[in-house]
Amino acid sequence: MFKLPELPYKYDALEPFIDAKTMEIHHTKHHQTYIYKLNAIIESKPELKDKTLEELVKLPETKNMAGGHSNHSFFWEIMAPKQEDTDRGWFDEYKKEFTEKASTLFGSGWVWFVKNKDKFEVVQTPLQDSPLIDGMDPVLGIDVWEHAYYLQYKWNRAEYINNWFNVVNWKKVTENFNKLKG
Ligand code: MN3
């Protein structure tokens with residue numbers, strides 16, 4: 001049985017860039033619902049009982065709910081209250097493409113900066129598809145489902161994306177990057 005992980009900060013910690021209400025609903029309703037539904041599927045199919053989350057994101061019958069759980073668990077960890085002056089120069093060459101792909105993704109999904117085989121790249125995934133499905137290792141990723149920003153930003157996804165960079169946990173994602181860079 002999977003359980004909702006606690007956030008490493010308070011719901012209002014990312015204000016003014018992401019409002020407390022959005023964070024609370026996103027965590028306690030959206031993320032929690034993926035977990036409830038994932039657990040229900042597993043309960044109804046004993047053959048899934050011993051699968052890891054990384055395996056479940058790849059299976060047709062669980063990929064939406066397992067991906068929702070996996071993606072959000074990752075997402076909470078790569079955000080943090082605004083930090084001063086963490087070195088993020090390594091991301092400069094990818095930021096424009098990341099922003100473009102996040103702005104133009106049609107419908108609901110995610111945009112990721114990943115290591116894919118031996119190179120780093122920016123990729124979109126539809127709905128709750130996890131980058132792990134294709135064996136990609138995420139460094140950072142943004143949720144561009146409307147539930148991630150609509151209360152505060154309404155239709156203005158571009159403004160959400162721009163502001164979101166202020167609450168990226170640059171210390172953490174720089175660690176991710178350095179680890180994958182090898
Ligand atoms: Mn979401």
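FYI, it's all coordinate maths here, none of it is from the lab. Quick caveat: nothing in here was measured; it's all calculated off a predicted structure. As a convention, Cβ positions derive from the backbone with ideal geometry for all residues, glycine included, and neighbour counts pool all protein chains shown.
Please arrange Ser130, Ser44 by counting, for each residue, the other beta carbons lying within 10 Å of its beta carbon, fewest first.
Exposure proxy ranking, most exposed first: Ser44, Ser130.
Could you go through segment 12-23 in sequence order and give the Karplus-derived ³J(HN,Hα) for each residue, using 6.51 cos²θ - 1.76 cosθ + 1.60 with θ = phi - 60°, rounded to whole Hz, and x for Gly and Pro?
Taking θ as phi minus 60°, the curve returns 8, 5, 9, 5, x, 7, 10, 6, 4, 5, 4, 5 Hz for segment 12-23.
Suppose R0 equals 30 Å; then what is the FRET efficiency for Asn166 and Met1 from their Cβ-Cβ distance, rounded to the nearest 0.05?
Calculated value: 0.25.
Compute the Rg to Rh ratio over segment 33-182 from the alpha carbon atoms, using the Kirkwood formula for Rh, and round to two decimal places.
Ratio of gyration radius to Kirkwood radius: 0.98.
Quote the FRET efficiency, to the nearest 0.05, computed for Asp118 versus His147 with a Förster distance R0 of 41 Å and r equal to the Cβ-Cβ distance.
Calculated transfer efficiency: 0.75.
Can you tell me the length gained on complete extension of the stretch Ile133 to Glu175, counting 0.36 nm per residue apart and subtracting the Cα distance?
12.9 nm
What size of dipole, in debye to the nearest 20, comes out for the chain about its Cα centre when the only charges are +1 on Lys and Arg C-beta atoms and -1 on Asp and Glu C-beta atoms?
Charge dipole of the chain: 180 debye, to the nearest 20.
How high is the relative contact order of segment 113-182, in percent, counting Cα pairs under 8 Å that sit 6 or more residues apart?
28 percent
First measure r as the distance between the Cβ atoms of Glu15 and Glu47, then evaluate 1/(1 + (r/R0)^6) with R0 = 35 Å and state the FRET efficiency to the nearest 0.05.
0.20
Projected onto the charge dipole of the chain (+1 at Lys/Arg Cβ, -1 at Asp/Glu Cβ, origin at the Cα centre), which of His26, Thr52, Tyr153 gives the Cα projection farthest towards the positive end?
Farthest towards the positive end: Thr52.
May I ask you to sort Trp155, Trp170 by Cβ crowding, counting other Cβ atoms within 10 Å and putting the fewest first?
Ordered by Cβ neighbours within 10 Å, fewest first: Trp155, Trp170.
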